[in-house]
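Input: a single structure, listed below in structure tokens.
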């Protein structure tokens, strides 16, 4: 490993974390020459402004090689996590301190450790630079928010599906989610069809954010694989982040399509806030959402969330289009070519008790 080059990567990664990270309007100006060379993306002067989605997907192929706790810290600092919409890095450090239940000084040390390790990988030219390091599969291309989503968009992209080169190993052709609020406890069924772009794909990593409702305790999230693989691991790297690792029945090859489904359930007594949103972190071609309410207590109003900034999900819904319930007390919304870093879904107003 070239230590001089690793130092250059480390300095450029630290600079990229400043301000809003990849969410900042000036993020392209903070991309250093070492990162640009490693991305092999050519001269930005020749192709116009850097696309956030392109840079985010490229970084997303390296970050999973970090230990889980350091990956989470690095994603938030770089603006690649749904909870990373804060204006300044210091605010994201405070967010991390709360999530990890550590003081800010400890979080800053962990961030420096994460960036140093990531810089070493970049300098070596492979995520598996350290002996014995295994490279996990890329993260899920969308962050599902079950209950209150972690506020803040990860990144925003402007390219069309035909222009995007997938760097995460797979992407979602469609996601179909059913939220059951007519049961004694909330239940979410999520079905996905993915297209594989990696030469070989052995694991799928699904990340889900479940912060507590206002005034309520942090809840636990559990998942059952309904079809399409085996659940081999459940991780809880922070208060609100859960990660599920699915192993398909056989390794998937480039060009294959694969269907799988998960059923999510909460710990007893967890209370969802009144919205459900999907915030894509990578390409997602289609998303269909159904929310089924109890017939005896339907919501007073339902609004459409169509490419809204995730940090506005809890703001007053003025200006949002309304969605009508059908006779079964169901609301439905469909979306295509979802913009990276924006929230898509439904929110509702519960009737007064």
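The values are calculated or read from the model by the stated rules, or taken from the named source; none is laboratory data. Predicted, not measured: the structure shown is a model, and the values here were computed from it. Backbone-built Cβ (ideal geometry, glycine too); neighbour counts: all protein chains shown.
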Those residues that are under 24 Å from residue 180 (Cβ atoms) and under 17 Å from the mean Cα position of the chain (by Cα), I need them from the stretch 309-339; list them, please.
310, 313, 338
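Here is a check on your reading of the model: is residue 68 at pLDDT below 90 and in contact with a strand residue (DSSP E or B) (Cβ under 7 Å, 6 or more places away or on another chain)?
Yes.
Specify which of the listed residues (273, 291) is closer than 26 Å to residue 219 by Cα, in contact with a strand residue (DSSP E or B) (Cβ under 9 Å, 6 or more places away or on another chain) and at pLDDT below 90. Working first, answer last.
Details: 291 fails: at pLDDT below 90.
Only one candidate qualifies: 273.
Going by the structure shown, is residue 75 surrounded by fewer than 21 Cβ atoms within 10 Å (Cβ to Cβ) and either at pLDDT 85 or above or in a loop (DSSP other than H, G, I, E, B) (or both)?
No, not satisfied.
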Just the residues that are surrounded by 13 or more Cβ atoms within 10 Å (Cβ to Cβ) and assigned to a loop (DSSP other than H, G, I, E, B), please, taken from the stretch 89-107.
102
Condition check for residue 304: crowded, with 21+ Cβ neighbours inside 10 Å and part of a strand (DSSP E or B)
no
Yes/no for residue 156 being touching a helix residue (DSSP H, G or I) at 6+ places or on another chain (Cβ under 6 Å), part of a helix (DSSP H, G or I) and either outside the structural domain of residue 339 (by TED's automatic domain parsing) or modelled with pLDDT under 55 (or both):
no
